[in-house]
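Just below is one structure, and these are the notes that go with it.
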Amino acid sequence: MKFWQIPLFLQQVYLICGQGQQKHSLASKLLLGLTVLFFYLPIIYIVVFSFNDSRSLTHFSGFSLQWYEKMFSDRTMMEAVGYTIFVAVVATIVSTIVGTLAAIGLSRSRKLLRNVVEQVNNLPVMNPEIVTAIGLLMFFSSLGVNKGLTTMLLAHIMFCTPYVILSVTPKLRSLDPNLADAALDLGATPLQALTKVIVPQIMPGIVSGALIAFTMSFDDFVISYFVTGNGVNNISILVYTMSKRVNPSINALSTLVIALITVVLIIVNVVPIIKEKRRTKA
């Protein structure tokens, strides 16, 4: 389970616990508390020990920022951070555009074709990442493409696009199917109907898909590990290689990942609430 999926899982646990009788409320709350503790205690542990004054990973001897200083002065770590952000941003932009256009095209297609393509689109989401990673590795090898930044970027675009389609499709289904036709009848060009009528209506789905794509790309390890090469590492791969030896800088690097993903999660949950309040006031 990825870090950003934990709140969703806890929400389901809370709903299940809330379905019990009143006499079971204490047990339900205890179960929810243990679940929260199980998921978040390791994360809290990493964050706390990233400020440890010593190299010990078990004994906190005092507050210090030395591991963050070493992290920012380490060229390998900063290159990994740079590659991670670059790939995540580019993959998010490309997959959001491609996924949105694909979802809009599917919404205008025949029902049989739409159902078939939607089922095919679900395969990368349901497949274990290791299966997708091996498939991409064999695909790039058959084309004779050298593994590196290009293969990593293409792989991230490929596995992020289905998530964008899944996020945009429900918004398209809720739209009036005659909305685009009405805009065309009023003199709008197809491009104007797309950019000024359809896209604004499905913007919440597009934003949600883009943020999911970013978090999926940012913290991906399995697929990146199989398709990268030539010294190109992202944060997840670097953390994996560092975990084999005692290096407290791994806590600082992991905390950086947690902080960035937390910011994204806050944006996902807070921005729609703010927009809804503004819309209500207007």
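The values are calculated or read from the model by the stated rules, or taken from the named source; none is laboratory data. Just so it is clear, the model here is predicted, and its values are computed rather than measured. Every residue, glycine as well, gets a Cβ built from its backbone with ideal geometry; the counts of neighbours run over all protein chains shown.
I want to confirm something. Restricting to segment 93-113 and keeping residues that are surrounded by 16 or more Cβ atoms within 10 Å (Cβ to Cβ) and over 20 Å from the mean Cα position of the chain (by Cα), which single residue is farthest from Phe218 (Cα to Cα)? I'd like the intermediate steps shown before the answer.
Filtering segment 93-113 for residues surrounded by 16 or more Cβ atoms within 10 Å (Cβ to Cβ) gives 94-96, 98-100, 102-104, 106-107.
Now drop any that are not over 20 Å from the mean Cα position of the chain (by Cα), which leaves 104, 106-107.
On the way: Ile104: 26, Leu106: 28, Ser107: 29 Å.
Top of the filtered list is Ser107.
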Unmet requirement for Val268, which otherwise passes all of (1) surrounded by 14 or more Cβ atoms within 10 Å (Cβ to Cβ); (2) at pLDDT 80 or above; (3) hydrophobic (A, V, I, L, M, F, W, C):
(2)
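Any residue at all in segment 261-278 that is touching an Asp or Glu at 6+ places or on another chain (Cβ under 9 Å) and assigned to a loop (DSSP other than H, G, I, E, B)?
Taking segment 261-278 first, the residues touching an Asp or Glu at 6+ places or on another chain (Cβ under 9 Å) are 261.
Now drop any that are not assigned to a loop (DSSP other than H, G, I, E, B), which leaves none.
No, because not a single residue in segment 261-278 is touching an Asp or Glu at 6+ places or on another chain (Cβ under 9 Å) and assigned to a loop (DSSP other than H, G, I, E, B).
Please verify whether Thr195 is under 26 Å from Ile267 (Cβ atoms), assigned to a helix (DSSP H, G or I) and over 25 Å from the mean Cα position of the chain (by Cα), treating the condition exactly as stated. Show your work before the answer.
On the way: under 26 Å from Ile267 (Cβ atoms): yes; assigned to a helix (DSSP H, G or I): yes; over 25 Å from the mean Cα position of the chain (by Cα): yes.
Answer is yes for this residue.
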If I filter segment 77-89 down to residues being touching a residue at least 40 places away in the same chain (Cβ under 8 Å) and closer than 22 Å to Phe51 by Cβ, which single residue comes out as surrounded by the fewest Cβ atoms within 10 Å (Cβ to Cβ)?
Val81
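For the condition on the phi > 0 side of the Ramachandran plot and out of contact with any Phe, Trp or Tyr (no Cβ under 8 Å at 6 or more places or on another chain), what is the one hit in Gly135, Gly82, Gly62? Let's see the steps before the verdict.
On the way: Gly135 fails: on the phi > 0 side of the Ramachandran plot; Gly82 fails: on the phi > 0 side of the Ramachandran plot.
Testing whether each residue is on the phi > 0 side of the Ramachandran plot and out of contact with any Phe, Trp or Tyr (no Cβ under 8 Å at 6 or more places or on another chain) leaves just Gly62.
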Check on Met71, under 30 Å from Thr150 (Cα atoms), without any contact (Cβ under 8 Å) to a residue 40 or more places away in the chain and either surrounded by fewer than 17 Cβ atoms within 10 Å (Cβ to Cβ) or not assigned by TED's automatic domain parsing to the domain that holds Pro162 (or both):
no
Provide a single number: the residues in segment 198-222 that are farther than 20 Å from Leu153 by Cα and either assigned to a loop (DSSP other than H, G, I, E, B) or of a type in the set (Ser, Thr, Tyr) (or both).
2
Being touching a Phe, Trp or Tyr at 6+ places or on another chain (Cβ under 7 Å), closer than 30 Å to Ile206 by Cβ and not assigned by TED's automatic domain parsing to the domain that holds Ser142: is that true of Ile258 here?
yes
Picking from Ser249, Ser224, Ser217, the residue that is within 30 Å of Asp53 (Cα to Cα) and of a type in the set (Ser, Thr, Tyr) would be Ser249
From (1) outside any helix (DSSP H, G or I); (2) touching a Cys at 6+ places or on another chain (Cβ under 8 Å), pick out the condition that doesn't hold for Ala91.
(1)
Of the residues Leu175, Leu186, Leu191, which single one is touching a helix residue (DSSP H, G or I) at 6+ places or on another chain (Cβ under 6 Å) and either charged (D, E, K, R) or over 30 Å from Lys70 (Cβ atoms) (or both)?
Leu175
Given the conditions (1) touching a residue at least 60 places away in the same chain (Cβ under 8 Å); (2) within 20 Å of Leu238 (Cβ to Cβ), which single one is not true for Thr92?
(2)
Being surrounded by 13 or more Cβ atoms within 10 Å (Cβ to Cβ) and free of Cβ contacts under 8 Å to residues at least 40 places away in the same chain is the filter here, so list the residues in segment 142-153 that pass it.
Val145, Thr150
Single match in Thr255, Thr280, Thr262 (criterion: surrounded by fewer than 20 Cβ atoms within 10 Å (Cβ to Cβ) and within 25 Å of His156 (Cα to Cα)):
Thr262
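Starting from residues that are of a type in the set (Ser, Thr, Tyr) and either surrounded by 15 or more Cβ atoms within 10 Å (Cβ to Cβ) or under 20 Å from Asp219 (Cβ atoms) (or both), keep the ones in segment 15-48 and report whichever is modelled with the highest pLDDT. It would help to see each step written out before you state the result.
So in segment 15-48, the residues of a type in the set (Ser, Thr, Tyr) come out as 25, 28, 35, 40, 45.
Then keep just the ones that are either surrounded by 15 or more Cβ atoms within 10 Å (Cβ to Cβ) or under 20 Å from Asp219 (Cβ atoms) (or both); that gives 28, 35, 40, 45.
On the way: Ser28: 70, Thr35: 76, Tyr40: 80, Tyr45: 86.
Checked segment 15-48; the qualifying residue modelled with the highest pLDDT is Tyr45.
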For Ile223, state whether it is more than 19 Å from Gly99 (Cα to Cα), assigned by TED's automatic domain parsing to the domain that holds Gly82 and in contact (Cβ under 8 Å) with a residue 12 or more places away in the chain.
yes
